[in-house]
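Structure first, then comments.
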Amino acid sequence: MTDQDLVRLITQEVIKRLAKMDGLSKIKSSQVTAGTLVLIPSYVADETALKSYLKSTCQEPVTCALWGNAVLNDTDFTQIKVQSDADEIKLMASLSKYSEIVLATPPIGLLKKIASADDSGFIEQLVMRAILWEKKVSCVLDYMMPRFKRNTIFEVICDTLDALKEMGVKVVSVAPDTHKETDALALVTETEVLDTHKNGGTSIRMLSGAIVTPLAKDRAKELNISIVKEQGV
């Protein structure tokens, strides 16, 4: 068993035990869920893609908490600049009222800390609490989720993202080529759907008269993958 596997098992067990605690149940029952809190820890490379995702996917109203040099221009979202301990205390106190927490374009180091249940930083504490309170938690990346490459830096990234998914975090990508459609297929099975989802895609093109298996349809609906007919075919 690798160190990553051990951390993953420990994290899962901690979450299970805390979820059974009476105190946690009381916290959950007293929450007033409304809207989405977006945590933006650093500079956003593609503001347009992120804003489009938040506007089309997240429950309104959307509130964005920004640290450091993070900026979102020309948006109707409520924005909170987190610059002091007082700002952090206020933000933590408001966490329970949100139904969804989104971690937007985070650094790899931050993701690794969350995946290993290290809540030594404030943003890590926010995300871990949201997970433990069983809120809807998403992580939005601005790069394509890499294919598994053993003994490279990509292995660490893939392990980190897999650990987050096992903790209940939805991982999506808003990278420009994420929505690039693959070559049109004559046969769409569950395998194609799962591969598309794993690589951050949102759609599969099929040829006219293509066969789509029932299991592929069910899995595509479950993972929100669109199976569309190639235009002009």
Distance between the C-alpha centers of the stretch 44-90 and the stretch 119-162? Whole Å please.
19
Beyond a 32 Å Cα-Cα separation, which of these cross-linked pairs lie in this structure: LYS81/LYS198; LYS135/LYS229; LYS55/LYS112?
LYS81/LYS198; LYS135/LYS229
With every protein chain left in place, what is the accessible area of GLU166 in Å² (1.4 Å probe, nearest 10)?
90
If you add up the charges near ASP119, with Lys and Arg at +1 and Asp and Glu at -1, over every other residue whose beta carbon is less than 12 angstrom from its beta carbon, what do you get?
0
Counting only other residues whose beta carbon sits under 14 Å from that of ALA70, what net charge do I get with K and R as +1, D and E as -1?
-2
List, in order, the whole-Hz ³J(HN,Hα) value for each residue of the stretch 128-144 obtained from phi through the Karplus relation with A = 6.51, B = -1.76, C = 1.60 and θ = phi - 60°; use x for Gly and Pro.
4, 5, 4, 5, 5, 7, 6, 7, 6, 10, 10, 10, 9, 9, 10, 9, 5
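The values are calculated or read from the model by the stated rules, or taken from the named source; none is laboratory data. Keep in mind it's a predicted model, so treat the numbers as computed, not measured. Ideal geometry is used to build each Cβ from the backbone, glycine not excepted, and the neighbour counts take in all protein chains shown. What goes into the accessible areas is simple: the full protein's heavy atoms, side chains included, and nothing from ligands, DNA or RNA. Shrake-Rupley method; radii C 1.70, N 1.55, O 1.52, S 1.80 Å.
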